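Everything below concerns the one structure shown next.
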Amino acid sequence: MYNKILCVDDDPITLMLCKKVIEKSNFSNIIDSAHNGEDALKYFDSLKNDLKENENIILPQLMFLDLNMPIMGGWEFLDLFSDPKYQSFFSDLKVIVLSSTIDPKDIEKSKSYTMVVDFLSKPITKEMLNLLSDIHK
């Protein structure tokens with residue numbers, strides 16, 4: 001079980017389903033969410049500021065990231081999040097791309113980001129989470 005995860009998706013129904021499946025699977029104690037890459041960066045900026053005041057802040061260990069979102073999509077988020085100003089704080093975070101696309105080019109591109117550990121097709125299922133628990137922990 002993860003202590004904290006972050007789900008980033010612009011679709012409220014997908015976020016709700018993701019949270020429900022994660023809760024029912026006892027996959028994580030805390031489930032945070034963001035509606036696009038820009039919100040996710042703000043989330044991490046806030047965590048960085050909190051860490052400066054309190055080193056006992058619980059950091060997410062895993063993030064489920066959609067690729068196609070308005071304002072800031074998953075690729076742009078990954079490009080910005082790869083910067084040392086984030087990686088110096090969140091280098092242990094694992095990212096799983098959770099997308100409705102199964103384009104082989106997207107799957108291949110995701111492998112160029114060291115933080116991305118998997119690429120899964122929506123919707124998330126309990127079976128997927130069980131496999132992730134076995135593979136990535």
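The values are calculated or read from the model by the stated rules, or taken from the named source; none is laboratory data. Predicted model only: the values in this text are computed from it and were never measured. Here the Cβ positions follow ideal geometry from the backbone for every residue, glycine too, while neighbour counts run over all protein chains shown. Each accessible area value is taken on the protein alone, full model and side chains, heavy atoms only, with ligands, DNA and RNA left out. Shrake-Rupley method; radii C 1.70, N 1.55, O 1.52, S 1.80 Å.
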Quiz item: residue 5 fails exactly one of the following numbered conditions: (1) open to solvent by less than 70 Å² (accessible area, probe 1.4 Å); (2) at pLDDT 95 or above; (3) assigned to a helix (DSSP H, G or I). What is the number of that condition?
Solution: (3)
Quiz item: Inside the range 62-79, can you point out the residues that are surrounded by 14 or more Cβ atoms within 10 Å (Cβ to Cβ) and either charged (D, E, K, R) or part of a helix (DSSP H, G or I) (or both)?
Solution: 66, 74, 75, 76, 77, 78
Quiz item: Does any residue in the range 44-59 that is touching a residue at least 24 places away in the same chain (Cβ under 8 Å) come within less than 7 Å, Cβ to Cβ, of a residue that is of a type outside the set (S, T, N, Q) and not in a helix (DSSP H, G or I) six or more places away or on a different chain, and which pairs are these?
Solution: 47/57; 47/59; 51/57; 58/4; 58/30; 59/4
Quiz item: Going through the range 89-121 one residue at a time, which ones are aliphatic (A, V, I, L, M) and more than 13 Å from residue 63 (Cβ to Cβ)?
Solution: 102, 107
Quiz prompt | Residue satisfying all of: in the range 32-43; in contact with a strand residue (DSSP E or B) (Cβ under 6 Å, 6 or more places away or on another chain) and either at pLDDT below 95 or open to solvent by 20 Å² or more (accessible area, probe 1.4 Å) (or both); farthest from residue 133 (Cα to Cα) among these | solution = 43
Quiz item: Across the range 80-120, what is the total count of residues that are among the small types (Gly, Ala, Ser), farther than 27 Å from residue 17 by Cα and open to solvent by 70 Å² or more (accessible area, probe 1.4 Å)?
Solution: 3
